[in-house]
Amino acid sequence: MGTFSFGSLLRNAMAGHKDWPRQWRAPDPKPAYDAIIVGAGGHGLATAYYLAKEHGVRNVAVLEKGWLGGGNTGRNTTIIRSNYLWEESEALYDHAVKLWEGLSHELNYNVMYSPRGVLMLAHNIHDIQVFKRHVHANRLAGIDNEWLTAEQAKEFCPPLNIAPGMRYPVLGAALRRRGGVARYDAVAWGYARAADRLGVDIIQNCEVKGIRRDANGAVTGVETTRGDIATKKIGVVAAGHTSVVMSMADVRMPLESFPLQALVSEPVKPVMPCVVMSNTIHAYISQSDKGELVIGAGTDQYISYSQTGGLHITTHTLDAICELFPMFRRMRMLRNWGGIVDVTPDRSPIIGKTPVPGLFVNCGWGTGGFKATPGSGHVFAATIARDEPHPIAAPFTMERFVTGRLIDEAAAAAVAH
């Protein structure tokens, strides 16, 4: 594994904590496992943890071609909310929010969950109608959401500019008070440490190069850069590259991959009290625990695996952010990047079994991946362990693209797909 391993990262991060083995080293793969999870991001590690904890399946390997949490888990904007429109989405994302609320205690690791509130701005009559519809749908489902006037939004978030002469004047906002943020790498490390304690092997620098199948088509194992590994169950959770992995088993996925732009500013003292999002201008902003302003933008208009994307997307977003928050105009950008998001035709994830016996998939989250992390891992683990969809995950199988029972959440994201 070399020195740049999960063990070395954790030893540095956990220095002084007697409950973490100082000499821990990532294991070499065994010849066979009861289940293999492809992808050591938040969703993959959560899946492995819940397989071990909830279902007693502990002979599990999490395979990662790079390093733990180095994919989309390390390239997100940390927002947590469940104010989606349709009942299926409300159930899935609110299941995740409820797990977020107790996750630090569950993992005995501070994931820095902060329910500071998520404010979604309305700039025109269409926005007002859409967000009020979301508010009413959420409240019928028992999910807190409320409508604020522009003045109330300003009171909740003092830096917000509500001057009527703006290009996109703020006419009101929907507020999800239980929404907020968490620290992305702490989530990955917390799940990894907890899964490791339960016997799960987390194997970095181990790229899957092929999926092996028997004469009946069922999976029998994987071919990796560190040798062949036998298993009868494979869960693919490789955000941004799901189609590539699934093609190894001759499974075509209804996915498109786009670079999604984001950036952070230089760190400053606490100034943003909440998360602010805007669909119309394709921008959202919060402040991290390190003091950086975390700003999310839109997706590029072309399919790509690029992790940089077009700079014009970021420029458009910064123009809008500076108009919404004039006090940030003199801030400097620290770094920007593009995460690869897999997008389905109805902008909702795919969770469940595939036509290949023993092969399971969890993908297509678009901009909703981070917020769903604990809920996604929880229901996916149950699906793998029981070989049937978890009730919350049942509506999100691939069969919906045949039956036409789509879950169109295009309006729930704060950026354009």
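Please go through segment 311-343 and give me each residue that is free of Cβ contacts under 8 Å to residues at least 40 places away in the same chain and surrounded by fewer than 18 Cβ atoms within 10 Å (Cβ to Cβ), ordered by number. Those that are free of Cβ contacts under 8 Å to residues at least 40 places away in the same chain and surrounded by fewer than 18 Cβ atoms within 10 Å (Cβ to Cβ): Leu311, His312, Thr315, His316, Asp319, Cys322, Arg329, Arg330. Taken over segment 207-245, the criterion of being aliphatic (A, V, I, L, M), touching a helix residue (DSSP H, G or I) at 6+ places or on another chain (Cβ under 9 Å) and open to solvent by less than 50 Å² (accessible area, probe 1.4 Å) is satisfied by Val208, Ile211, Val219, Val222, Ile234, Val236, Val237, Ala238. Going through (1) among the aliphatic types (A, V, I, L, M); (2) closer than 14 Å to Gly190 by Cα; (3) at pLDDT 95 or above; (4) open to solvent by 10 Å² or more (accessible area, probe 1.4 Å) one by one, Ala46 falls short only on (4).
Scanning segment 164-180 for residues that are in contact with an Asp or Glu (Cβ under 9 Å, 6 or more places away or on another chain) and open to solvent by 10 Å² or more (accessible area, probe 1.4 Å) returns Met166, Arg167, Tyr168, Leu171, Arg177, Arg178.
Quick one: in segment 195-227, of everything that is acidic (Asp, Glu) and in contact (Cβ under 8 Å) with a residue 24 or more places away in the chain, which residue is nearest to Glu106 (Cα to Cα)? Only one residue fits best here, namely Asp196.
Here's the yes/no breakdown for (1) part of a strand (DSSP E or B); (2) under 21 Å from the mean Cα position of the chain (by Cα):
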| residue | (1), (2) |
| --- | --- |
| Gln152 | no, no |
| Glu155 | no, no |
| Leu160 | no, no |
| Gly165 | no, no |
| Val170 | no, no |
| Arg178 | no, yes |
| Ala186 | no, yes |
| Arg193 | no, yes |
| Ile211 | yes, no |
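From the list Pro259, Pro270, Pro254, the one residue that fits, being farther than 27 Å from Lys53 by Cα and out of contact with any Ser or Thr (no Cβ under 7 Å at 6 or more places or on another chain), is Pro270.
Restricting to segment 375-398, give me the number of residues that are closer than 18 Å to Arg58 by Cα, of a type outside the set (Ser, Thr, Tyr) and open to solvent by less than 30 Å² (accessible area, probe 1.4 Å).
6
The residue pairs whose first member lies in segment 25-40 and is buried (at least 18 other Cβ atoms within 10 Å of the Cβ), whose second member is hydroxyl-bearing (Ser, Thr, Tyr) and modelled with pLDDT of 95 or more, and whose beta carbons are closer than 6 Å, counting only pairs six or more residues apart or on different chains, are Tyr33/Thr231; Ile36/Thr231; Ile37/Thr47.
Among residues belonging to segment 77-134 that are open to solvent by 40 Å² or more (accessible area, probe 1.4 Å), charged (D, E, K, R) and out of contact with any Gly (no Cβ under 7 Å at 6 or more places or on another chain), point out the one that is farthest from Ile162 (Cα to Cα). Selected residue: Glu106. The set of residues in segment 395-410 that are free of Cβ contacts under 8 Å to residues at least 60 places away in the same chain and among the charged types (D, E, K, R) comprises Glu399, Arg400, Arg405. Restricting to segment 57-96, name every residue that is of a type in the set (Val, Ile, Thr) and closer than 25 Å to Thr299 by Cα. If the condition is that a residue be of a type in the set (Val, Ile, Thr) and closer than 25 Å to Thr299 by Cα, then Thr73, Thr77, Thr78, Ile79, Ile80 are the ones that fit. In summary, Val60 fulfils each of the numbered conditions (1) in contact with a Leu (Cβ under 9 Å, 6 or more places away or on another chain); (2) under 22 Å from Gly240 (Cβ atoms); (3) among the hydrophobic types (A, V, I, L, M, F, W, C) with the single exception of condition (2).
The values are calculated or read from the model by the stated rules, or taken from the named source; none is laboratory data. Everything quoted here is computed from the prediction, not taken from an experiment. Cβ coordinates were reconstructed from backbone atoms using ideal geometry, including for glycine residues, and neighbour counts include every protein chain displayed. Calculation scope for accessible area: heavy atoms of the full protein, side chains included, ligands and nucleic acids excluded. Shrake-Rupley method; radii C 1.70, N 1.55, O 1.52, S 1.80 Å.
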